[in-house]
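Engineer: The structure is given below, and queries will be raised subsequently.
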Amino acid sequence: MPPAGFAFFQGLEEKAEEGLHLVAFAEGALPALKDAARLEARSLVLLSPLLEGSPLLRAKAEALRFALEVGGLEGFARVGRAFFFGPDTVGEEALWEAWREGLSEEGVRGFLDHLAGLGDERRWLRGFEGRVLVLAGAWDAFLLPPLSARVVDFAKGEAVRLLLEGGFLAPWEAPEEALALMEEFLSGEGFRALPGGLAL
């Protein structure tokens with residue numbers, strides 16, 4: 001449910017090393033992970049990946065579902081403003097309106113169903129040996145910083161997590177920074193493994 005889809009990522013393929021590179025957002029992280037090993041992807045970029053459920057996550061999903069049932073998409077969008085955006089952009093009407101306009105009831109219900117039924121899907125990372133980049137928001141209400149760190153902990157290959165200023169939609173709140181980090185990662189220039197599983 002990003003405001004402008006992946007439109008601002010166009011051109012990334014020109015910067016990437018040869019091979020298949022997958023980029024996935026939120027609930028799309030799980031199908032991307034399932035396909036990555038089978039397709040022998042070279043790398044995987046996960047933006048705000050939702051891969052691990054919890055009672056807190058389900059409670060947030062239920063609050064948003066209640067807002068949807070009571071107020072429709074407008075109710076969901078008004079309550080969702082506090083869940084999806086970081087403190088620096090929560091009041092930016094243009095970004096919020098772009099996100100709100102892109103909402104559909106089918107998409108919202110699918111997102112909430114995903115949150116409600118999510119187990120621990122990080123295990124799929126064990127089957128992928130390529131490089132992994134996790135970009136997440138420092139103020140993400142769904143993927144709290146300790147949870148985004150846990151995603152990287154499960155990676156079998158080289159992996160790094162970077163936090164952006166923003167919430168769940170951090171890549172769209174800070175698109176220039178997100179794009180620069182992704183370009184460096186996909187080109188192989190901004191990702192150097194260090195002993196002990198750390199990375200630059």
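What follows is calculated from the coordinates using simple rules that are stated; it is not laboratory data. Keep in mind that what you see is a predicted model, and the values were worked out from it rather than measured. Here the Cβ positions follow ideal geometry from the backbone for every residue, glycine too, while neighbour counts run over all protein chains shown.
Engineer: What length, rounded to one decimal in nm, is gained on full extension from Ser104 through to Ala138, with 0.36 nm per residue of separation minus their alpha-carbon distance?
Structural biologist: 9.6 nm
Engineer: Take the chain, connect every pair of alpha-carbon atoms lying under 10 Å apart with a spring to form a Gaussian network, then pick out the residue of Arg38, Arg126, Arg161 with the largest mean-square fluctuation.
Structural biologist: Its mean-square fluctuation being the largest, the pick is Arg38.
Engineer: If I model a spin label as a point 7 Å beyond the Cα along the Cα-Cβ vector, how far apart are those points for Asp35 and Arg126 in nm?
Structural biologist: Once both label points are built, they end up 2.4 nm from each other.
Engineer: Further question on the same structure: Give the calculated FRET efficiency between Glu74 and Glu184 to the nearest 0.05, with a Förster radius of 45 Å applied to their Cβ-Cβ distance.
Structural biologist: Efficiency for this residue pair is about 0.70.
Engineer: Here's another thing I want to ask about it. How big is the dipole moment of the chain about its Cα centre under a simple scheme where the beta carbon of each Lys and Arg is +1, that of each Asp and Glu is -1, and everything else is neutral? Debye, nearest 20, please.
Structural biologist: About 820 debye.
Engineer: Now for a different question. What FRET efficiency, computed as 1/(1 + (r/R0)^6) with R0 = 41 Å and r the Cβ-Cβ distance, is obtained for Leu20 and Arg58, rounded to the nearest 0.05?
Structural biologist: 0.75
Engineer: Would you work out which of Ala16, Gly119, Gly167 lies farthest towards the positive end of the dipole of the chain? Charges go on Cβ: Lys and Arg +1, Asp and Glu -1.
Structural biologist: Gly119
Engineer: Quick one: give the max-minus-min coordinate of the C-alpha atoms of region 54-111 along each principal axis, largest first, in Å.
Structural biologist: Largest to smallest, the principal-axis extents are 30, 22, 17 Å.
Engineer: Nearest-5 percent of antiparallel DSSP beta bridges in the chain?
Structural biologist: 10 percent
Engineer: How large is the dipole of region 55-117 about the Cα centre if only Lys and Arg carry +1 and Asp and Glu carry -1, each at its Cβ, rounded to the nearest 20 debye?
Structural biologist: With Lys and Arg at +1 and Asp and Glu at -1, about 300 debye.
Engineer: Then there is this: Near Arg126, within a Cβ-to-Cβ distance under 13 Å, what is the net charge of the other residues, with Lys and Arg +1 and Asp and Glu -1?
Structural biologist: Local net charge: 0.
Engineer: Under a point-charge model restricted to the Cβ atoms of Lys and Arg (+1) and Asp and Glu (-1), what is the dipole moment magnitude of region 80-152 relative to its Cα centre, in debye to the nearest 20?
Structural biologist: 480 debye
Engineer: Would you mind giving the three semi-axes, in whole Å and largest first, of the ellipsoid equivalent to the chain according to its Cα gyration tensor?
Structural biologist: 28, 19, 15
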